[in-house]
Amino acid sequence: MTINVSVKEFDNTNHMFSLIKELESKVLLCGMPLKNDKLQMIALVQEGGKHIEAKNYPYLVIPTAAAAGRKTSEIAGLYQRGHTLGINDPSQSNGFQVMFILRKSIDIPPRPFMRLTMNNHLDDWAKIFANEFFKVMLNPNANADDIYRKVGEQMVSDMQTTMDQLSQPGNAPLTAERKGFNNPLIDTKLMRNSICYMVINKE
């Protein structure tokens, strides 16, 4: 018995060179959205830590759990007692409910979640890149974006996991009390959930 098989092979040489050229023309980034200056600033402070001093006002105003997310302007009867702001409250032992703590300065310790993620997962990302490159090289309908998407999604997941698990340095007691838990990089989860990957063209 004779079996005739006709196979149409795909010459991937040109596709491979085109793919390499496309990969070299772009950069894969992971972190805060590029156009969100506030989140960019917060992330940089977490990465390197920061000493913050009161400048335009005599004190920095730090909320307690009793403030319940409200601003000073939103609390009626607020007044200063020592280095605190609060309201009269007969239910308290001293008749005063502290809403805010006043400080001349604060020190935020570094919690470098981006660097830690890169140091712990760079080899993993390189393996994913290599595996995806091989797959895309054999697929004439695939391109560099398919590689960057796979690696980028893993980078986002790994960075979010780092934020979830990082516990040291912990929150200051006042911050932990206000939040109701002691995870130094998680509060509203806005920063965590804003982590994204970006593929940009090299200039």
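Suppose we filter Ile195, Ile186 for residues that are open to solvent by less than 50 Å² (accessible area, probe 1.4 Å) and in contact (Cβ under 8 Å) with a residue 40 or more places away in the chain; which single one remains?
Details: Ile186 fails: in contact (Cβ under 8 Å) with a residue 40 or more places away in the chain.
On inspection, the qualifying residue turns out to be Ile195.
Yes or no: the stretch 158-171 includes at least one residue that is outside any helix (DSSP H, G or I) and at pLDDT below 85. Full working, then the answer.
We begin by selecting, within the stretch 158-171, every residue outside any helix (DSSP H, G or I); these are 166-171.
Checking which are at pLDDT below 85 leaves us with 170-171.
Scanning the stretch 158-171 turns up at least one residue that is outside any helix (DSSP H, G or I) and at pLDDT below 85.
If the Cβ limit is 8 Å and pairs must be 6+ apart or interchain, which residue in the stretch 6-29 that is at pLDDT 80 or above and in a helix (DSSP H, G or I) pairs with which residue that is among the small types (Gly, Ala, Ser) and open to solvent by less than 100 Å² (accessible area, probe 1.4 Å)?
These pairs meet every condition: Leu19/Ala144; Glu22/Ala144; Leu23/Ala144.
Yes/no matrix, rows are residues, columns are (1) open to solvent by 60 Å² or more (accessible area, probe 1.4 Å); (2) over 30 Å from Glu132 (Cβ atoms); (3) in contact with an Asp or Glu (Cβ under 8 Å, 6 or more places away or on another chain):
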{"site": "Lys21", "(1), (2), (3)": "yes, no, no"}
{"site": "Ala43", "(1), (2), (3)": "no, no, no"}
{"site": "His51", "(1), (2), (3)": "yes, yes, yes"}
{"site": "Gln80", "(1), (2), (3)": "yes, yes, no"}
{"site": "Asp89", "(1), (2), (3)": "no, yes, no"}
{"site": "Lys104", "(1), (2), (3)": "yes, yes, yes"}
{"site": "Pro109", "(1), (2), (3)": "no, yes, no"}
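Can you tell me how many residues in the stretch 39-68 are closer than 20 Å to Gln92 by Cβ and small (Gly, Ala, Ser)?
Total satisfying the criteria: 4.
Find the residue count for the stretch 172-197, including only residues that are part of a helix (DSSP H, G or I) and closer than 17 Å to Asn36 by Cβ.
At the first step, the residues of the stretch 172-197 found to be part of a helix (DSSP H, G or I) are 173-179, 190-194.
Cutting the leftovers down to closer than 17 Å to Asn36 by Cβ gives us 190-194.
Residues that pass the stated criteria total 5.
The values are calculated or read from the model by the stated rules, or taken from the named source; none is laboratory data. Just so it is clear, the structure is predicted and the values come from calculations on it, not from any experiment. Note that we place each Cβ from the backbone using ideal geometry, even for glycine, and neighbour counts take in every protein chain shown. Surface accessibility is based on the protein's heavy atoms, side chains included, excluding ligands, DNA and RNA. Shrake-Rupley method; radii C 1.70, N 1.55, O 1.52, S 1.80 Å.
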